Each structure stands twice: as C-alpha cells, then as structure tokens.
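Bear in mind these aren't lab numbers, they're just calculated from the coordinates by the rules spelled out. None of the values given here were measured: they were computed from a predicted structure. Positions of Cβ are generated from backbone atoms using ideal geometry, with glycine treated the same way; all protein chains shown enter the neighbour counts.
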Amino acid sequence: MAKIYQAGALNTTSLTVPNVYVQIQQPVTLLNGVSSSRVGVVGTASWGPVNAPVVIGGMPDYQAAFGTKQALASDMGVNVNIAVYQGASDFRCVRVTDGTDKASTGMLSGATLTAVCTGTSGNTISAKLTQGTINTAIWTLTVSHSLLGVNSYQGTTWVEIAAAAASDASALVVVSGGTALTAGGVTLAGGADGGTPSTSAFIGSDGTTRTGLYALRNQGCAIGLLCGLSDTSSFAAQIDFGLGEGLYMVSALPSGTSVSAAASALTGAGADSYAMKVMHGDWLWWDDDTNGNMLVSPAAFAAGKLAGLSPEQSTLNKQLYGVIGSQKAGLTSSGTLASYSDAELTALFDAGIDVICYPAPGGEYWAVRGGINCSTSAAVNGDNYTRLTNYLAETFATGMGTYIGQTINADLFVNIEATLTGFLSNMLDEGMLGSTNGAVPYSVICDTSNNPDSRTALGYVQADVKVKYMGILRYFIVNLQGGQGVTVTVATGS
C-alpha cells in the first residue's frame with residue numbers, strides 16, 4: 001500500500017520495503033502585504049479601557065467602545081471622526097488619562113452599581129430593577145446606555161445578579177452589596193474624564209505592562225497619532241517608536257506657531273527623521289457633529305489622508321474633507337481666506353515641516369501642501385518613501401520567517417528569490433511600482449554570489465533586494481512660446 005509523507009519527513013536513503021512513497025512538497029511561499037492603512041490612535045475618551053488597544057472600524061464601533069465625543073483636541077472620537085472623513089477605516093485606539101478620572105456610581109435597592117470604566121459617559125447609564133410577572137421570585141436588572149448598549153441580568157438575590165453581571169464581558173456596571181430586592185431605577189452619576197494627560201502619559205512606558213504609545217506595539221499599525229499632543233519634547237520618543245515599529249508618526253507643532261518660529265522649534269526638538277511627519281502649528285477648524293466648531297490639530301487630517309492612500313502615494317495636493325477654516329486663513333464662511341506666500345512655504349519645507357492650506361495646486365480646496373516628512377535629506381523626505389519603505393520592510397519581516405530552520409541549498413536560494421520577486425512583481429502589476437522607461441524597477445539576488453560557504457556554514461542566508469520607487473510630481477514646468485511671429489511646425493502622420 002502506498003504511503004504518503006510530508007516533504008522532509010521521510011529519509012529516502014534508507015528505504016527497505018518496496019512500495020510507492022508519495023512526498024507532499026510545499027509550494028513556494030507567497031507573500032501577502034501587511035496593512036498599510038491601520039492607524040494607531042492615542043488620546044482621551046469619556047469611556048473605555050485605559051492603556052489597552054481596542055479594534056475600531058468606524059464611528060459606530062468607536063462610540064460603542066468609548067462613548068460620547070468630547071470637545072477636546074485630545075479626544076480620540078474627534079480625531080477618529082476626522083480621519084474617517086479622509087478615508088481611514090481601520091484603527092487601534094488606546095485611551096490615556098491623567099489619573100483623576102472617576103467611575104460613575106449609583107445606589108439601587110441597597111446595592112452599589114459602579115461603572116466598569118471611568119468617564120462622563122457613565123453618567124448617562126441607567127439601571128432598572130424589575131420583578132418577574134410569572135415567576136415573582138426572579139428579578140431582572142436592566143442596564144442601558146444610548147451608545148454603549150443594553151444588558152440584562154437575572155437572579156433571585158443580589159448575589160446572583162452580581163455574579164451574572166461579573167461573568168458578562170460586555171457589562172457596563174459592577175454590582176456589589178444589596179440585601180432585599182425592591183423594584184426601582186437609578187441613573188449613575190459622579191463619573192469624570194479627568195484633565196488633559198501629560199506628555200509622559202501619552203508616550204507611556206514600555207515595560208511588562210505597556211501604556212500610552214507603547215500599547216500600540218505589535219498591533220500592525222502603519223500610522224501613529226497622539227491626539228492633540230504638540231509637545232516637541234515628545235518627538236524623539238515618537239521617532240524612536242516609529243523606526244522600531246515601521247510606523248509613520250504624524251504630529252503637529254503647538255497651535256498658533258508662527259512660520260518664523262516653526263523651523264527653530266523643530267530643530268530644537270532634534271526631529272530629523274523619515275519616521276515622522278510634522279505639521280505646521282496652523283490648526284484647523286472642524287465642524288463636529290456633536291460639539292460644533294472646534295479648533296483641532298492638523299495631524300488628524302494628515303494621518304487620515306495617509307491611511308486612505310496606497311503607500312506609494314503622497315499626501316501632496318490630495319483634497320481634505322471637513323475643513324472649514326484655519327487659524328491663518330480664517331473661516332471659509334467669511335468668504336475671504338488668507339493664503340501662504342511662496343516664501344513662507346519655502347521656509348516650512350526647508351525645515352521639514354508640512355502644512356495644510358487653501359487653495360491647493362489642483363484647485364480651490366484644502367490640501368496637504370508639501371507631502372513631506374521631517375527628514376532634511378531630499379532622498380528620503382517624501383511621504384511615499386516612509387510609507388513604501390515601511391510597507392516593504394514589514395511585509396518581508398512578517399512573511400519571510402517561514403524559511404527559518406530550512407536546510408541551506410540551491411533550492412532554498414531559488415525559493416527565497418521566487419518569493420521576494422513574486423511579491424514585487426505583484427506590486428508592479430498593481431501600479432505600486434513602476435518606471436518611466438518601462439524597465440523592471442526591482443532586483444533580487446539570493447545565490448552563491450552573496451552567500452559564500454563561509455557564511456552559510458554558520459547559518460546565514462542573505463537576500464539583496466533593490467527597489468526603485470516612483471517619483472512624486474512636485475514641480476510641473478510648462479514651456480510656452482506664443483506670439484504672432486512664432487513658427488509652428490506640425491509633424492504629419494503617414
């Protein structure tokens with residue numbers, strides 16, 4: 001009877017029984033790109049767990065997890081809402097506090113109901129205790145909130161009801177105490193969001209229990225945003241995190257920073273890296289559907305637009321939505337908007353600072369004007385360099401580990417090269433790579449030329465990958481010659 005083995009499980013040099021031996025060969029590993037649109041968001045909220053990443057796909061998800069938006073530049077809901085308007089749809093949200101936040105509480109029939117999370121959203125949680133109509137020994141505690149949901153728990157005593165609530169992962173309250181059950185209702189009160197967290201709370205710690213920005217480790221985020229934080233002393237830590245995680249941090253200078261002060265502010269922060277995008281301190285007006293007109297950081301708009309673009313693209317000249325004005329330009333409703341001069345834009349771009357302004361090169365709309373990161377090197381200071389480099393590096397780091405532990409031989413070299421080349425070929429087919437002359441914009445070498453025996457004997461295998469990125473059109477020159485004396489020669493086709 002024929003026997004079937006997985007490749008590598010059968011020693012084919014020691015067979016003794018005549019038979020058919022089938023070895024299942026694994027196909028060449030195929031790479032699938034990592035997410036390039038996931039935004040890691042750190043900020044304040046009126047509800048939700050603290051220092052724990054929560055998966056959010058849009059505003060309904062956000063409100064169910066973090067409650068009502070607050071009229072604060074640091075509020076995650078406001079920033080997520082802005083980013084959604086620009087095309088973002090995948091978030092990992094981390095709530096931070098200043099430590100003065102409080103959980104709302106209420107008394108019902110002698111029992112204490114305490115909100116499972118701190119924040120003012122807990123102040124609109126209502127609880128109602130009712131007695132069964134058929135089986136009067138059964139009581140039902142119904143806990144509800146317009147955004148957070150509704151939960152019901154049954155029991156014949158407070159102990160049973162409390163146990164039912166404790167076993168519910170989506171519970172809004174913790175029940176303690178209580179003696180006799182008496183019908184009634186209560187709305188919780190006393191919850192507080194706390195004040196604006198310090199810079200250290202936003203950055204957090206990278207220990208056994210990660211907090212703040214560090215809670216986003218290993219979350220697969222491509223873009224990072226610390227809501228409303230404009231403390232330039234945080235830029236070094238943000239850059240370090242971005243480099244280590246393959247993540248593009250987006251921040252902004254303090255509200256109202258002048259053009260002349262912007263360059264020195266960034267220089268003083270030591271922010272010279274492709275891992276971070278710094279927006280000018282010309283904050284934007286946003287018409288929030290909950291809080292009305294708000295002055296918010298331009299970083300939220302830039303981060304959202306990046307998330308809505310493929311990684312080879314730049315934010316330069318891409319239309320932004322929901323902007324109703326800026327500190328420099330004024331409100332759109334005024335009818336007259338102040339604009340930046342070429343000298344002002346040059347000063348910002350030379351310093352590695354981007355800006356959102358009106359109009360854009362493409363027309364009468366708000367847009368990111370530079371499409372740059374804060375590196376002073378022209379070779380790496382485009383959005384597309386950061387995004388595409390991170391995308392490729394993270395994809396290779398995530399997908400190539402399957403080769404670890406395999407024997408080093410010519411077949412391995414061929415398979416590694418095929419895996420990398422196949423992925424880059426897919427990118428070329430999808431328009432993420434390209435060239436102006438039609439040449440293949442990548443090369444992969446993994447053979448004996450770069451893997452000598454002296455290295456492979458020690459367990460090393462090296463693949464040399466070169467990828468040429470497409471440039472971004474920044475300066476469009478049209479040479480026009482006109483006049484009555486101009487001679488025009490038109491070539492005729494056959």
Would you mind ranking SER334, SER234, SER152 so that the residue whose beta carbon has the fewest other beta carbons within 10 Å leads the list?
-> SER334, SER152, SER234
Could you list which residues have their amide H under 5 Å from that of TYR248, counting only those 5 or more apart in sequence or on another chain, with H placed in the peptide plane?
-> ILE223, GLY224
Starting from the Cα gyration tensor of the range 236-322, take the square roots of the eigenvalues, sort them a ≥ b ≥ c, and report rounded, prolate or oblate (rounded when a/c is under 1.5, otherwise prolate if a/b is larger than b/c, else oblate).
-> oblate
Percent RCO, i.e. relative contact order, over the range 408-494, from Cα pairs under 8 Å lying at least 6 residues apart | 28 percent
In nm, what is the difference between 0.36 nm times the number of residues separating ASP240 and VAL465 and their Cα-Cα distance?
-> 78.5 nm
Run down the aspartates and glutamates and flag those whose C-alpha is under 19 Å from the C-alpha of LYS128, throwing out any fewer than 8 positions away in its chain.
-> GLU160, ASP168
Please give the contour-minus-distance gain from THR487 to ALA9: 0.36 nm per residue of separation, less the Cα-Cα distance, rounded to one decimal in nm.
-> 164.2 nm
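Counting DSSP beta bridges in the range 105-187, what percent are antiparallel, to the nearest 5?
For the range 105-187, the DSSP antiparallel bridge percentage is about 100.
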Residue by residue, what Karplus-based ³J(HN,Hα) values in Hz, rounded to whole numbers, does the range 225-236 have, using 6.51, -1.76 and 1.60 with θ = phi - 60° and x for Gly and Pro?
-> 9, 9, 4, x, 6, 10, 6, 5, 5, 8, 5, 4
Just tell me the longest site-free run in the chain, where the sites are trypsin sites (Lys or Arg not before Pro) in a DSSP loop having at most 16 other beta-carbon atoms within 10 Å.
-> 218-467
Rough spin-label spacing in nm, given labels placed 7 Å along Cα→Cβ, for ALA347 and VAL414 | 6.3 nm
As a check on your grasp of the helix formula, calculate [θ] at 222 nm for the chain: sum -39500 (n - 2.57) over DSSP H runs of n ≥ 4, divide by the residue count, round to the nearest 500.
-> -7000 deg cm²/dmol
5 angstrom amide H check on CYS357, placed H, neighbours 5+ away = ALA367, ARG369
Normalised per residue, the volume inside the convex hull of the alpha-carbon atoms of the range 205-265 in Å³ amounts to 87 Å³
Counting Lys and Arg as +1 and Asp and Glu as -1, each charge on the Cβ, what is the dipole of the chain about the Cα centre in debye, to the nearest 20?
-> 440 debye
When the Karplus curve 6.51 cos²θ - 1.76 cosθ + 1.60 is applied with θ = phi - 60°, which whole-Hz ³J(HN,Hα) does each residue of the range 105-111 get, with x for Gly and Pro?
-> 9, x, 10, 9, 6, x, 9
Whose amide H sits under 5 Å from the amide H of LEU433, counting only residues 5 or more places off or on another chain, with H placed in the peptide plane?
-> LEU428
Three-way shape call for the chain based on the alpha-carbon gyration tensor, with the a/c threshold at 1.5 = oblate
Cβ-Cβ FRET estimate between ALA71 and THR398, R0 fixed at 51 Å, reported to 0.05 = 0.80
Measure off 7 Å from each Cα along the Cα-to-Cβ vector at THR182 and ALA169, then give the distance between these two points in nanometres to one decimal.
-> 3.8 nm
Taking +1 at the Cβ of each Lys and Arg and -1 at the Cβ of each Asp and Glu, which of MET470, LEU108, TRP286 sits farthest along the dipole of the chain towards its positive end, judged by Cα position relative to the Cα centre?
-> LEU108
antiparallel share of DSSP beta bridges within the chain, to nearest 5, in %, is 70 percent
If you wrap the range 367-494's Cα atoms in a convex hull and average its projection over all directions, what's the area in nm²?
-> 15.2 nm²
In the structure shown, of LYS328/LYS468; LYS305/LYS328; LYS305/LYS466; LYS69/LYS328; LYS277/LYS328, the pairs separated by more than 32 angstrom at the C-alpha atoms are LYS328/LYS468
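About the Cα centre of the range 408-494, how large is the charge dipole given +1 on each Lys and Arg Cβ and -1 on each Asp and Glu Cβ? Please answer in debye to the nearest 20.
So the dipole magnitude of the range 408-494 works out to roughly 460 debye.
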Determine, for GLU312, GLU344, the number of other Cβ atoms within 10 Å of each Cβ, and report the residues in order from fewest to most.
-> GLU344, GLU312
For labels at TYR365 and ILE324 in the simple 7 Å Cα→Cβ model, what's the distance in nm?
-> 2.0 nm
Arrange the following residues from fewest to most other Cβ atoms within 10 Å of their Cβ: LEU225, LEU295.
-> LEU295, LEU225
What percent do you get for the relative contact order of the chain when only Cα pairs under 8 Å and 6+ apart count?
-> 14 percent
Two decimals is fine: what is log10 I(q)/I(0) at q = 0.14, 0.16, 0.17, 0.26 Å⁻¹ for the range 105-187, from a Debye sum with one equal scatterer on every Cα and no solvent?
-> -0.40, -0.52, -0.59, -1.38
Mind checking which of TYR321, TYR274, VAL490 is farthest towards the positive end of the chain's charge dipole, using Cβ charges of +1 (Lys, Arg) and -1 (Asp, Glu) about the Cα centre?
-> TYR321
Whole-Hz ³J(HN,Hα) from phi, Karplus 6.51 cos²θ - 1.76 cosθ + 1.60, for the range 17-22, glycine and proline x | 9, x, 5, 9, 10, 9
